[in-house]
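Written below as C-alpha cells is the structure these notes are about.
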Amino acid sequence: MDTKTPFLIVDDDELFRQVMTRAMKRRGFEVLAAADHEEAMMLARATPPVYATLDLKLEHSSGLQLLPELLAVSPKCKVIILTGYSSITTAVEAMKLGAYNYLCKPVDADDVLGALDRPDQGDPDAEIAENPPSINRLTWEHIQKVLQENDGNISATARSLGMHRRTLQRKLQKRPVRR
C-alpha cells in the first residue's frame, strides 16, 4: 500500500479519532481527521482522500449519508465503514452505496489496513456461524432496518414498529445484542 497518500478519518469519538490519526501518521499517511459530516466534506474537497474510514453513527449524520458525497468528490477512494452498532442491514447498505469494507469496532490501524489490502472480492473462506442469531439480535437488526427505511427518524420508526418513541430511544441507546 502506498504511503504519503491522503487518508480521511471521520469519527465523532475524539479519543478513537486521535488514536487512529496517530497510528496512520506513524504508517506514513497524510491524515485528514474530521469529527462530523461537514468537516469531512470540507477536508475531502480540499484534498480528495485515497482511503477513508467513516463511523456509521455520527452525532448529526451517519457514515451511510456521508459515503455517497465522499465518493462523488473522490470516486476511487476505498472507504471502510466502522461501527460499534453493526447489523446486516447497515452492512448491506454500506456495500450498495460503495463502501470497500465494513468493520465492527473495536478495531485498530492494522485491522483497517488489513481490510484495505484485501482483494476487491469476497472471502469464500469467511467464517459461517454455527447457530442462527438470537431473537434479541434479530429484533435489534429489524429495528435498525426500519430506522434506516425512515431515514433515521425516531418518531416515524416508533410508529412503524408500533412502540412508544421513548421505548425505541432506550433500545437504540443500548449496544447491539451479540449473536
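The values are calculated or read from the model by the stated rules, or taken from the named source; none is laboratory data. If you're wondering where the values come from, they're calculated on a predicted model, not measured in any experiment. Protein only, heavy atoms only, side chains kept; ligands, DNA and RNA dropped before computing areas. Shrake-Rupley method; radii C 1.70, N 1.55, O 1.52, S 1.80 Å.
Quick one: length gained pulling Lys174 to Leu138 fully straight, 0.36 nm per residue minus the C-alpha distance?
Extra length available between Lys174 and Leu138 comes to 11.5 nm.
Provide the percentage of antiparallel DSSP beta bridges, counting only those with both residues in the chain; round to the nearest 5.
Percentage antiparallel, nearest 5: 5.
By accessible area of protein heavy atoms, probe 1.4 Å, what ranking do Cys77, Cys104 get, highest first?
Cys104, Cys77
Just check segment 1-41 against the gyration tensor rule for me: Cα atoms, a ≥ b ≥ c as the square roots of the eigenvalues, rounded for a/c under 1.5, and otherwise prolate or oblate depending on whether a/b exceeds b/c. Write out the running numbers ahead of the final one.
Numbers: a/c = 3.53, a/b = 1.49, b/c = 2.38.
Oblate is the answer for segment 1-41, as a/c is 1.5 or above yet b/c matches or exceeds a/b.
What number comes out for accessible area per residue over segment 15-71 if the probe is 1.4 Å? Units Å², please. Could you put the intermediate results ahead of the total?
Working: 2760 Å² over 57 residues.
Accessible area per residue: 48 Å².
Tell me which label goes with the value of P(r) over Cα pairs in 5 Å bins from 0, in percent computed from the coordinates here: (i) 1, 8, 13, 15, 15, 13, 10, 8, 5, 3, 3, 2, 2, 1, 1, 0, 0; (ii) 1, 8, 16, 20, 19, 15, 11, 7, 3, 1, 0; (iii) 1, 7, 13, 14, 13, 12, 11, 10, 8, 5, 2, 1, 1, 0.
From the options (i) 1, 8, 13, 15, 15, 13, 10, 8, 5, 3, 3, 2, 2, 1, 1, 0, 0; (ii) 1, 8, 16, 20, 19, 15, 11, 7, 3, 1, 0; (iii) 1, 7, 13, 14, 13, 12, 11, 10, 8, 5, 2, 1, 1, 0, the structure gives (ii).
Determine the share of the chain's accessible area contributed by carbon and sulfur atoms, expressed in whole percent, with a 1.4 angstrom probe.
That fraction is 50 percent.
On a 0 to 90° scale, report how tilted helix 135-149 is relative to the longest principal axis of the chain, with both axes built from alpha carbons and the result rounded to the nearest 10.
Result, in degrees: 70.
Could you check which residue among Ser155, Ser61, Ser74 shows the biggest mean-square fluctuation in a GNM of the chain with a 10 Å Cα cutoff?
Checking each option, the largest mean-square fluctuation is seen for Ser155.
Compute the helix-to-body angle for 63-73: its Cα long axis versus the longest principal axis of the chain, expressed 0 to 90° and rounded to tens.
Around 30 degrees separate the two axes.
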